[in-house]
Amino acid sequence: MKSTALIDIADIKPGHPFRGSINPSDDADTFVIQIRDINQYGEVDKQKIVKTALTSKKKPVYLKENDILFAIKGARHFATLMQNIPDNSVCSPHFFVIQVNNKNAGHVIPAFISWQLNQVIAQQYFKNSAEGTHYVSIRRKVLEDTPLVIPPIAEQKQIVAFNNAAIKEQKLFHQLIKNRQQQIDALAINLHQSS
């Protein structure tokens, strides 16, 4: 296994430079992913993504499959892997976009990098490096210098599969809890209606 900094294996770019608020527009042809579009499992909730007209003169750099978004502002600093997102999607400037570079494409799985950025060692590093008091942010240099450990690709695949299984279990448990609460609510309503 080798230790490395994120910048040694990936290219890091800022999100699209929106000026002011992002105004939804059904007539627009660009989708924009914002912090609020990421669900509790670290996945993009495709039902929440809005279309918007890009007003910036900068040509958009659209997101690609297996890009990683890293939230740089707010209470949580997390990574999200882009999978099955709509064409012509960009992200807000609250994210950095991480792409495994060509040199490492065959040795590093983006899903593994995304997973590692969300784990306790990296999260402690971000917590110690964050700037600000109420609205903390992570500078690009801090993200670039994030220490990572890159095991052989077979081990990366095992870890990603294990993590995916854990997320699937979480979703199942949350659904069971939700179903049970609905049953309890129905009992309470029936009790009042029958009295």
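The values are calculated or read from the model by the stated rules, or taken from the named source; none is laboratory data. Since we're looking at a predicted model, the values are computed, not measured. Note: ideal-geometry Cβ built from the backbone for every residue, glycine included; neighbour counts use all protein chains shown.
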Original post:
Does region 101-109 contain any residue that is closer than 27 Å to Lys58 by Cα and either assigned by TED's automatic domain parsing to the domain that holds Lys58 or surrounded by 12 or more Cβ atoms within 10 Å (Cβ to Cβ) (or both)?
Top reply: yes
Original post:
So which helices (runs of 4 or more DSSP H) stay within region 112-195 end to end and still have 3 or more residues that are free of Cβ contacts under 8 Å to residues at least 12 places away in the same chain and closer than 18 Å to Gly74 by Cα?
Top reply: 120-129
Original post:
So how many residues does region 4-28 have that are in contact with a strand residue (DSSP E or B) (Cβ under 7 Å, 6 or more places away or on another chain) and of a type outside the set (A, V, I, L, M)?
Top reply: 10
**OP:** Determine, yes or no, whether Ile33 is under 19 Å from Pro14 (Cβ atoms) and in contact (Cβ under 8 Å) with a residue 40 or more places away in the chain.
**Re:** yes
Original post:
Has region 72-91 got at least one residue that is of a type in the set (A, V, I, L, M), free of Cβ contacts under 8 Å to residues at least 24 places away in the same chain and within 25 Å of Pro151 (Cβ to Cβ)?
Top reply: no
**OP:** Return a yes/no flag: does region 114-124 have any residue that is more than 18 Å from the chain's Cα centre (by Cα), assigned by TED's automatic domain parsing to the domain that holds Thr80, modelled with pLDDT under 95 and not aliphatic (A, V, I, L, M).
**Re:** no
**OP:** Would you check if there is a residue in region 134-151 being in the same structural domain as Thr52 (by TED's automatic domain parsing) and out of contact with any strand residue (DSSP E or B) (no Cβ under 9 Å at 6 or more places or on another chain)?
**Re:** yes
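So that you can scan it fast, the table gives a plain yes or no per residue for (1) in the same structural domain as Gln119 (by TED's automatic domain parsing); (2) hydrophobic (A, V, I, L, M, F, W, C); (3) over 30 Å from Gln116 (Cα atoms); (4) out of contact with any Cys (no Cβ under 6 Å at 6 or more places or on another chain):
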residue	(1), (2), (3), (4)
Leu6	yes, yes, no, yes
Ala10	yes, yes, no, yes
Asp27	yes, no, yes, yes
Arg36	yes, no, no, yes
Asp45	yes, no, no, yes
Thr52	yes, no, yes, yes
Lys64	yes, no, no, yes
Original post:
So, in region 67-95, of the ones that are in contact with a Phe, Trp or Tyr (Cβ under 9 Å, 6 or more places away or on another chain) and among the polar types (S, T, N, Q), which residue ends up nearest to Ile38 (Cα to Cα)?
Top reply: Thr80
Subject >> Those residues of region 80-121 which are in contact with a Pro (Cβ under 9 Å, 6 or more places away or on another chain) and farther than 27 Å from Lys46 by Cα, in sequence order >> reply: His107, Ile121
Original post:
Of the residues Val108, Val160, Val149, Val120, which is touching a Phe, Trp or Tyr at 6+ places or on another chain (Cβ under 9 Å) and either within 24 Å of Asn39 (Cβ to Cβ) or β-branched (Val, Ile, Thr) (or both)?
Top reply: Val160
